[in-house]
Amino acid sequence: MAPTLYDEKPEPGNLIEIFRCNFQHWTSYVGDGFVVHLAPPSEVPGASSNSLMSVLSDKAKVKKEKIWDVVGHDQWCINNQLDQDYQVRPICEILKDAQAYVDQELPFCVFKGNCEHFVTELRYGKAESRQVQQAVETVGMAAMVGFGVLAVAGIAAAIFGGGSKKKDKGGEYK
């Protein structure tokens, strides 16, 4: 069950991480029960950031919506994990910039301009997505393992099955 209003109380400027099926959606809490977030254009409040369109679209719209419309029944948490790495911008600037972006359409790219990049830019002045970094590291590790398996197979083939065979005068391999 998703946390309720009384389980965690976000403060203005906090980053909210929402755990969707295969990814995390990120919002910035702006107070009075509202969040600002980057989502594909849609007329359906809250549903847009949970759809396949969130990955396929090259444009996104900055929306201000009730936190519970965006969270729905998903798990969520306050996640300001980059506070240890970057200085937090003044809250009044975060809120002013968040409000200025509302209803604007921005370029969207899952690798360099997604919802997490958007909210970290608001909070820290630096767009970063740990979710993308982790995915790239995972894919990179899988590729390295794959290449390692191929290399071992190639070496094994060379050692155990690889000698060249020659025909004798009768046409037989020896």
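For segment 78-101, what are the residues that are more than 21 Å from Lys9 (Cα to Cα) and surrounded by 15 or more Cβ atoms within 10 Å (Cβ to Cβ)? Listed by number, the residues that qualify are Asp97, Tyr101.
Look at Ala47 and say whether it is touching a strand residue (DSSP E or B) at 6+ places or on another chain (Cβ under 8 Å), modelled with pLDDT under 95 and aliphatic (A, V, I, L, M). Considered against the rule, which asks whether it is touching a strand residue (DSSP E or B) at 6+ places or on another chain (Cβ under 8 Å), modelled with pLDDT under 95 and aliphatic (A, V, I, L, M), Ala47 comes out as no. If you filter segment 102-120 down to residues that are at pLDDT 95 or above and surrounded by 19 or more Cβ atoms within 10 Å (Cβ to Cβ), you find that the one that is nearest to Ile18 (Cα to Cα) is Val119. Could you list, ordered by first residue, the pairs with Cβ atoms under 6 Å in which the first is in segment 13-38 and without any contact (Cβ under 8 Å) to a residue 60 or more places away in the chain and the second is of a type in the set (Phe, Trp, Tyr), at least 6 apart or interchain? From segment 13-38, the pairs are Ile18/Trp76; Val35/Tyr29. Just a yes or no: is a residue in segment 65-72 closer than 23 Å to Leu122 by Cα, open to solvent by less than 80 Å² (accessible area, probe 1.4 Å), at pLDDT 60 or above and in contact with a helix residue (DSSP H, G or I) (Cβ under 9 Å, 6 or more places away or on another chain)? Within segment 65-72, one or more residues are closer than 23 Å to Leu122 by Cα, open to solvent by less than 80 Å² (accessible area, probe 1.4 Å), at pLDDT 60 or above and in contact with a helix residue (DSSP H, G or I) (Cβ under 9 Å, 6 or more places away or on another chain).
The values are calculated or read from the model by the stated rules, or taken from the named source; none is laboratory data. Being a predicted model, the structure only gives us computed values, none of them experimental. Cβ atoms come from the backbone with ideal geometry, glycine included; neighbour counts cover every protein chain shown. Side chains included, ligands, DNA and RNA excluded: accessible areas come from the protein's heavy atoms. Shrake-Rupley method; radii C 1.70, N 1.55, O 1.52, S 1.80 Å.
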